[in-house]
Amino acid sequence: MTTLDTVSDHPDPEKHPEFYEGVGIKRLMAWFIDNIIIGLLVAVIGLLTLTLAFWIWPIAYLVVGFCYRVITLATGSATWGMRIVGMEFRNRRGDRFNSGDALVHTLGYTVALTFFITQVVNVILIATTAKGQALHDYIVGSVAINATR
């Protein structure tokens, strides 16, 4: 990235709003797409395990979702849902995610997902902040931007 602000190596949302334009709604759409994909993966696993995954659906969903997010974020800095809607994550340095970034971000996301209050805080932050960052994005220093590929 060529444009840096003084707090991180992310584009400045005031000087370059095109990086963040529509990212909040794109995150929501990507979240729905990703959850459909994860649900389908768990359903296939359920069939392959002779319905075992159906009996432990919440655990299977959590494990498959975690693995899905880490793998897709590590290999393209975006989940498949994010790629479909045209966005990607950048780390604190402004680089695309590597496997470590993907693991830490997914861990933060998963912890935030397990508590109702953090989910509410995430939605409010994404909808109201200049960079559209969730709580775990602030903690790990990541930002979601429109894809620059």
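The values are calculated or read from the model by the stated rules, or taken from the named source; none is laboratory data. A quick note: this is a predicted structure, and the numbers were derived from the prediction, not measured. Here the Cβ positions follow ideal geometry from the backbone for every residue, glycine too, while neighbour counts run over all protein chains shown. Note: accessible area is taken over every heavy atom of the protein model, side chains too, but ligands, DNA and RNA are not part of it. Shrake-Rupley method; radii C 1.70, N 1.55, O 1.52, S 1.80 Å.
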**OP:** Test each condition in (1) surrounded by 18 or more Cβ atoms within 10 Å (Cβ to Cβ); (2) within 11 Å of the chain's Cα centre (by Cα) for Leu107 and report the one that comes out false.
**Re:** (1)
Subject >> The listed residue being in contact with a Leu (Cβ under 7 Å, 6 or more places away or on another chain) and either touching a residue at least 40 places away in the same chain (Cβ under 8 Å) or not β-branched (Val, Ile, Thr) (or both), out of Phe54, Phe97, Phe66 >> reply: Phe97
Original post:
What is the number of the single condition among (1) touching a strand residue (DSSP E or B) at 6+ places or on another chain (Cβ under 8 Å); (2) not in a helix (DSSP H, G or I) that Pro13 does not meet?
Top reply: (1)
**OP:** Could you please give the count of residues in segment 75-104 that are within 11 Å of the chain's Cα centre (by Cα), of a type in the set (A, V, I, L, M, F, W, C), farther than 17 Å from Tyr138 by Cα and open to solvent by less than 70 Å² (accessible area, probe 1.4 Å)?
**Re:** 3
Original post:
Restricting the search to segment 120-149, which residues are of a type outside the set (Lys, Arg) and open to solvent by 70 Å² or more (accessible area, probe 1.4 Å)?
Top reply: Val123, Ile124, Ala127, Thr128, Ala130, Tyr138, Ile139
**OP:** Return the residue satisfying two criteria in turn: it lies in segment 48-69 and is of a type in the set (Val, Ile, Thr) and assigned to a helix (DSSP H, G or I), and of such residues it is surrounded by the fewest Cβ atoms within 10 Å (Cβ to Cβ).
**Re:** Ile59
